[in-house]
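Read the structure below first, then the notes.
The values are calculated or read from the model by the stated rules, or taken from the named source; none is laboratory data. The model shown is predicted, which means the values in this text are computed figures rather than measured ones. No Cβ is skipped: glycine too gets one built from the backbone with ideal geometry, and neighbour counts run over all protein chains shown. All accessible areas refer to the heavy atoms of the entire protein, side chains included, with ligands and DNA or RNA removed. Shrake-Rupley method; radii C 1.70, N 1.55, O 1.52, S 1.80 Å.
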Amino acid sequence: MIQHVILLVFSTLSVPNVYGLISSIGISRIYRSNSQSLSISRFIPKPLSAVCDVSDDEDFISKELTSKDSSFVRIVARNGDNGHTKSNNHVDDSPSSFDLDLSFFSAMFRHSAPYIAMHRGTVVVIHIAGYVLKNKDCFVAMMDDISILHLLGIKLVLVIGVRDQLDERILKSGGSPAYHNGMRVTDESMLQILKEESGTARFEVESSLARGFRGMASRSSIQVVSGNFFYSAKPLGVRDGIDFKLTGEVRRVEVDNFMKRLDSGDVVMITSLGYSSSGEVYNVPSESLAAEVAAALKASKLVYLTQGESLVDVRCEQPKPVQSLRLKQAEELLERWGVDRELYNYYEEDREEQLHNSDSVDGRSNVNNIIGGGESGEASTTGQPSAAVSAYMRLLARCVYALTGGVKRAHLVPTDRGALLKELFTRDGAGVLISRDMYEGIRAATPADLFAVMQIIRPLEQQGVLVARSEEQLLKDLSNCFVMVRDGAVLACGMLKRYSETHAEVSCLAVHPSYRRGGRGETLLAYLERRALLMGVTFVFVLSTRTMQWFEERGFNLVDPSSLPSTRDYNKSRGSKVYIKPLGTQRDVDAEELLWNIT
């Protein structure tokens, strides 16, 4: 499969574009010292335990993997540019601009090939905001990356927003954007401006994709389809006594029309101009539109392009980037920021009251818990979040809405050159991944679970797959055991036991026969690996006599028994094979969950 994927890339891309792809993913930084590096994605954080010394706190580790707590998360505005997106504008993608070592070139493709295979044929919805369109260099670079995604077989839906352009035009005309409870009020004059700006934006996107790849434009132009048959709109109406006039919301997403065009190889583009069955036109916020469409299509991914903000974990002395959030954490984060759950797909930054009347947290207002609003990265002295921070909150709310509607994963990605490719085709990524709570129902085993665990493992012990344990021994090992529970029934179990500072063993991993082939074994293994990371462990190992291939497929490598920690006895008469897996970061586990198709 990997060889097939690599041949696909080589057979479709010209040499300049192969080098361009490598440069976009970020390899150029290694060879060109003058290349601007991404402020977040280049930093691979250490396990939290290695920074904050929490490796012995079992209660903390359990909460870290299953709780909704997000009190330690802050937003950081992009340094040095007041929250406005900058692009790595002057990168030369030509092959002569840098020398590429053959072994590194091969390693890069081998690393990215599984992601290319995984994403091919999937639906990805990408929201392109007005601030991307305003920065010409940023826009051109982003459209180049989107062209590569199409080339690699991803079914793309582009949702174009012109919020910045609309607000600028309103202000220049002497007016001011009108909001109520975080929702925009649209009048006739505003709608006319929206029509003009949406038409301009549509032209820019279509012309950019029509030119294709540099060096092979005549053979690589991309067909873009847009029209009034992809979704219908309805008026938002009167709420709390306020007439929202021509502000609308999605009434229906025409899934069949989308899939017909996507399956034929077209890129679908939609704007905020939504049409009703009676012919009226409404202003449907583009961020909300992207979330609605992604949920209706059950998209594999929803991607929002940000202005470069990031999330950081402030529990440690040196704040570290947050590369992923679980759905429950994101929901709790929005709650702490005062965003009403009912407004997740409507929320816009209200300059008057929405965010500033919520309860305090740790003796400070929610706003002051948000880092951002100045070049220093500190909270705004006005007591209000900066525009960039508010925009980030708006996008995070839409991500949560889409995930609860059936989208598998959502991403908040900066518009740096190549960040989109790096987010989708590398382990480290370039932004923040928000995923559904796949670990819900996993907890530490209790003595009350002993009988259920024995029912799962006894047949495997009789077959020789697992080492036989007496009831007393199993009860003794129960402190290392974790179970997956659904409606009170134990579906799967697994153990994680530490043998040294660096090594821990995964054992007794088993799923009830009635619940196999549902990804539960992979989910429990990923959970145990995340626990090991939080404990500061760098290697996990297994001993197996029958299930070696299953572990090999999940990153474990065969080693000599002498590689086991000295504290772990080895039974030569059983002759178990020893497999070890090096652990990377929490984002590495995120990537493996994607490749294992854990949702």
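Can you tell me how the range 458-543 classifies by the Cα gyration tensor, rounded, prolate or oblate, using a/c under 1.5 as the rounded cut?
On the way: a/c = 1.75, a/b = 1.28, b/c = 1.37.
Here the range 458-543 falls in the oblate category.
Calculate, for residue 107 and residue 560, the FRET efficiency according to 1/(1 + (r/R0)^6) with r their C-beta to C-beta distance and R0 25 Å; round to the nearest 0.05. Walk me through the numbers on the way to the answer.
On the way: r = 25 Å, r/R0 = 1.02.
Efficiency for this residue pair is about 0.45.
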Seminar exercise, completed: Going through 68/245; 172/320; 68/301 one by one, the pairs whose alpha carbons sit over 29 Å apart turn out to be 68/245; 172/320
Seminar exercise, completed: In this structure, among 298/581; 234/408; 134/408; 497/572; 260/298, pairs with alpha-carbon gaps over 25 Å are 298/581; 234/408; 134/408
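For the range 414-478, what does the alpha-carbon gyration tensor say about shape, rounded, prolate or oblate, given a ≥ b ≥ c as the root eigenvalues, a/c under 1.5 as rounded, and a/b over b/c as prolate?
On the way: a/c = 4.67, a/b = 2.89, b/c = 1.61.
Since a/c reaches 1.5 and a/b is larger than b/c, the shape of the range 414-478 is classed as prolate.
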Problem set entry | Antiparallel content of DSSP bridges confined to the range 113-266, in %, to 5 | 55 percent
For this session: At a 1.4 Å probe radius, which order do 545, 426 fall into by accessible area, largest first?
Result: 545, 426
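By the gyration tensor of its Cα atoms, with a ≥ b ≥ c the square roots of the eigenvalues, what is the shape of the range 163-291: rounded for a/c under 1.5, prolate for a/b over b/c, or oblate?
On the way: a/c = 2.99, a/b = 1.59, b/c = 1.89.
It comes out oblate by the Cα gyration axes.
Placing unit charges on C-beta atoms (Lys and Arg positive, Asp and Glu negative, everything else neutral), compute the dipole magnitude of the range 483-599 about its Cα centre in debye, rounded to 20. Mind showing how you got there, number by number?
On the way: 16 positive and 13 negative charges, 79 e Å.
Charge dipole, the range 483-599, about its Cα centre: 380 debye, nearest 20.
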